[in-house]
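Worksheet: the structure to be examined is printed underneath.
The values are calculated or read from the model by the stated rules, or taken from the named source; none is laboratory data. Predicted model only: the values in this text are computed from it and were never measured. Using ideal geometry, Cβ is built from the backbone for each residue, glycine included, and neighbour counts are taken over all protein chains shown. These accessible areas exclude ligands, DNA and RNA; they are computed on the full protein's heavy atoms, side chains included. Shrake-Rupley method; radii C 1.70, N 1.55, O 1.52, S 1.80 Å.
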Amino acid sequence: MSNKEVKAALKSARDAIRNKEYKEALKYCKAVLKQEKNNYNAWVFIGLAAAELQQPDQARGAYKKAIELEPKQLLAWQGLANLYEKPNQTDVKGDLADVYQKLLEFYKSSDKQKWCDVCNKLVELYHQEKKYLEVAETWQKLIRMKEEEGAEKAELHQLWKKMILLLKDSTRNQDNKTGQLLLTAFEHAVNSADTVPGEDHQNLYKDFIQCLSKFPHETARLEKACNDMMSLYPTMSYPLEVLCLHFVNSGTLSEEALHCFSRILEMDTNSGLGIIGFGIKCLQEKKYKEAVKSLTEGLQKTNQCPAAWYYLADAQVKIHKHRNAVQSCNQALEGLRIPEGPNLQWKNLALQLKAETLIKIADTDAAEEAIKALEQIAGTSSDPVISALRGQAYLNKGLMDEASKISQELLFFHPDLAESHALEGYIHYSQKNYKQAERSFLNAIERKAETAEYHQYLGLTYWFMSDETKKDKGKALTQFLKAAKLDSYLGSAFFYLGSYYRDIAGDKSRARGCYKKAFELGEMDEESGTAAVDLSVELGDMDTALSILNEVTRKASPGTAKWAWLHRGLYYLRSGQSSQAVADLQAALRADPKDSNCWETLGEAYMNRGSYATALKSFRRASELNPGLMYSIYRAAALEQILGRYENAIATYQQILKKTENYVPALKG
């Protein structure tokens, strides 16, 4: 076949393809290849015809042969692209992307429109495959091409918006480069908008800020975007809310943060984030009760701030509301269920605070829960502070061997850590090894002198070590005073100060003040309250005694606070207010129905009121519970006599005299 005949055969093949006579086309091409096996056009025509005859493998092979022969020729690449684009072609997306890349090289200088068309196809392909970085880089090339061609600002604005749309699903799990390209797209879109200010621009800015807030390392960019939006839209609260939330989550409270919290409260006095910000400010200023109040109020108004629950828990721990703090930690952890980025840091902080708080509650169940919380803290297996907490939890649970093992390891590997020596001190203290405990707590204080708990435990060590250390002003008293100074909410420090002033210094007035403080801090602690009331009575200050008792009884639920009801009942009995005495003593008995002394006192109150039959029942009940209560038996006999039941009275008097021959009231009766 001559050169002329080859050209004729190729022309016939082209005409056959145009007429959709694909088998004929193949015959002509094969004839050409017999003569010229490396004929580029013949291979391209075979690819085209085979593709139309649903012979994709043959078509692919033909196009690839053509490309191998002439890689810088366009036709075969176009044909391969058309083949891969057919719906019946699967698992070729990677190959198609490579073909598109090659076509972009061909069209870049020759046909800008086709270049743009292929670029769009490539972006769509990458988007289907969720290859967001390739999407971003390719789309950015398209925008650059448009800029070089002198595209209008409005067209470029739409292209940047399209890029944002393409990448909107990429923020959950993306690399840093993709994120940067998305943020760049937002910045260009925001700055290229025509109508500013305007609703579309406002919504675009909101999306930009929302996107920025998902990037923990873009704080400067976030702050700038929020401030810029506030300048353009001063009545909109959204950028201010995002900025406030950012400052809450950052864990720092700068002047700028305070300014934002003030501004949002000026805009809306009920803003949850603004109130939370004020609460965090109070926490940092050590105004713990105000912090608890504001944080609680703020959290009732917003549910998008799990970090604020952590701050609330921290404030509650500072005022020793431990059970409340555990609940707040649980709320924080509930809101931090997706452990991403900064969430993981907050989750670890909340788990550690929860464990510390449960350890302070100091019962077996709380210890078990503390151990579970510590196990959930990520990446802290070698953290000595966490190990020390674990040791305390084991100690509270009664697992002495495990606690001792941790203590020994900490002292060996971390001898300069206060917590290492404190754990050793807690173990010795629990075993009443007070000399060793003293040494351990002194070592802990030497390394961390501002920890009230260490001073408190050293004070307790001296208190129980011996009478000498208990009475020595430089020992127990000094440590309790230091503990109370460092932590003015530490009720146990004030309780032992009260005990020192009452039992050792003999200063009843000062002791009463300390007990009253301990009572107020300890959520109506019975021992402190009883001591404060008794000392108030001894000092002749019934007003203070009654104010304490009134507060307790007002808050008490049925069947509780027996000591307060009993004390107030006795006061009313002594002051001749029999009906009030009866009511209070009945309330005390609801808390403890088997208290024989309380029944006896109730009988006395009924008798003073003139309710003899009821008084008789009360005295009878007292003597049933405690047959040794001779006074109750005598009072029962006397009441039988008053009620005219002489035979019963005589029998009861004789019963008393059998036990106590010279019991004068019975003889007289």
On Cα atoms only, tilt of 612-625 relative to the major axis of the chain in degrees: 70 degrees
About the Cα centre, charge dipole magnitude for region 350-437 (Lys/Arg +1, Asp/Glu -1 at Cβ), debye: 200 debye
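Once fully extended, how much extra length lies between Ala378 and Thr269, figured as 0.36 nm per residue of separation less the alpha-carbon to alpha-carbon distance? Walk me through the numbers on the way to the answer.
Numbers: separation 109, 0.36 × 109 = 39.24 nm, distance 3.86 nm.
Extending this stretch completely gives an extra 35.4 nm.
Tell me the net charge near Ser254. Cut-off is 13 Å between Cβ atoms, Ser254 excluded, with +1 for each Lys or Arg and -1 for each Asp or Glu. If you can, show how the numbers build up before the last one.
On the way: positive: Lys281; negative: Glu223, Glu255, Glu256.
Surrounding charge for Ser254 is -2.
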Peptides 131-138, 396-403 ordered by average Cβ neighbours within 10 Å, highest first: 131-138, 396-403
Candidate lysines - alpha carbon under 18 Å from Lys617, same-chain residues fewer than 8 apart omitted: Lys594
Zone residues, region 138-161, relative to Met236, backbone N less than 17 Å from point 7 Å out along Cα-to-Cβ: 161
Residue-span extension gain [Lys473 to Ser110] - 0.36 nm each, minus C-alpha spacing: 121.0 nm
Modelled FRET efficiency - R0 25 Å, Glu21 with Glu68, Cβ distances, 0.05 increments: 0.35
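Per residue, how much accessible area does region 210-283 have with a 1.4 Å probe, in Å²? Walk me through the intermediate numbers first.
Numbers: 3380 Å² over 74 residues.
Result: 46 Å² per residue.
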Sorted peptide list for 107-118, 42-53, criterion being average Cβ within 10 angstrom, highest first: 42-53, 107-118
Furthest towards positive pole of dipole, Leu103, Pro197, Leu159, structure part region 82-202, Cβ charges: Leu103
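Express in nm, to one decimal, how much length is gained between Lys435 and Thr184 on full extension, taking 0.36 nm for each residue of separation and deducting their alpha carbon distance. Mind showing how you got there, number by number?
Values: separation 251, 0.36 × 251 = 90.36 nm, distance 6.66 nm.
Roughly 83.7 nm would be gained on extension.
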Approximate spin-label separation Glu402-Gln654, in nm, with each point projected 7 Å along Cα-to-Cβ: 6.7 nm
Accessible-area value, Asp15, 1.4 Å probe, nucleic acids and ligands omitted, Å²: 50 Å²
Set of lysines with alpha-carbon distance to Lys112 below 22 Å, sequence-local pairs under 8 removed: Lys72, Lys102, Lys121, Lys141, Lys146, Lys153, Lys161, Lys162
Sparse-neighbourhood loop sites, trypsin sites (Lys or Arg not before Pro) in region 157-210 - DSSP loop, at most 12 other Cβ within 10 angstrom: Arg172
Check: the chain dipole with +1 on Lys, Arg Cβ and -1 on Asp, Glu Cβ, in debye: 940 debye
11 Å beta-carbon shell around Pro593, net charge (K/R +1, D/E -1): +2
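Using just the helices of the chain, give the 222 nm mean residue ellipticity in deg cm²/dmol: DSSP H runs with n ≥ 4 each add -39,500 (n - 2.57), and the total is spread over all residues, rounded to 500. All intermediate terms of the calculation are to be shown ahead of the outcome.
Working: 38 runs with 512 residues, N = 669.
So the calculated ellipticity at 222 nm is -24500 deg cm²/dmol.
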Tensor-based shape of region 183-244 (alpha-carbon gyration tensor, a/c under 1.5 rounded, otherwise prolate or oblate): oblate
Principal-axis tilt of helix 112-128 within the chain, Cα atoms, nearest 10 degrees: 40 degrees
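Return the subset of Lys7/Lys27; Lys4/Lys34; Lys93/Lys168; Lys4/Lys108 for which the Cα-Cα distance in this structure is over 24 Å, preserving the input order. Walk me through the numbers before you get to the answer.
Numbers: Lys7/Lys27 14 Å; Lys4/Lys34 15 Å; Lys93/Lys168 22 Å; Lys4/Lys108 35 Å.
Violating the 24 Å limit, Cα to Cα: Lys4/Lys108.
Compare the peptides 612-622, 61-71 by average per-residue count of other Cβ atoms within 10 angstrom and give them in order, highest first.
Details: 612-622: 20.6, 61-71: 18.5.
Going by the mean number of other Cβ atoms within 10 Å, highest first, we get 612-622, 61-71.
What net charge do the residues around Ala581 carry, taking every other residue with its C-beta under 10 Å from that of Ala581, with Lys and Arg at +1 and Asp and Glu at -1?
+1
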Residues Glu290 and Leu344, FRET efficiency given R0 of 41 Å [Cβ-Cβ distance, rounded to 0.05]: 0.85
Aspartates and glutamates whose Cα lies under 16 Å from that of Lys448, excluding same-chain neighbours fewer than 8 positions away: Asp416, Glu419, Glu424, Glu438, Asp487
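Using the Cα centre of region 194-344 as the reference point, and only Cβ charges (+1 on K/R, -1 on D/E), how large is the resulting charge dipole? Debye, rounded to the nearest 20. Don't skip to the answer; put the middle values down first.
Working: 15 positive and 18 negative charges, 192 e Å.
In debye, rounded to 20, region 194-344 gives about 920.
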In sequence order, calculated HN-Hα J values of region 51-56 (Karplus, 6.51, -1.76, 1.60; Hz; x Gly/Pro): 4, 6, 8, 6, 10, x
J(HN,Hα) series, region 593-609, from Karplus relation 6.51 cos²θ - 1.76 cosθ + 1.60, nearest Hz, glycine and proline x: x, 10, 7, 5, 5, 5, 4, 4, 5, 4, x, 4, 5, 4, 5, 5, 7
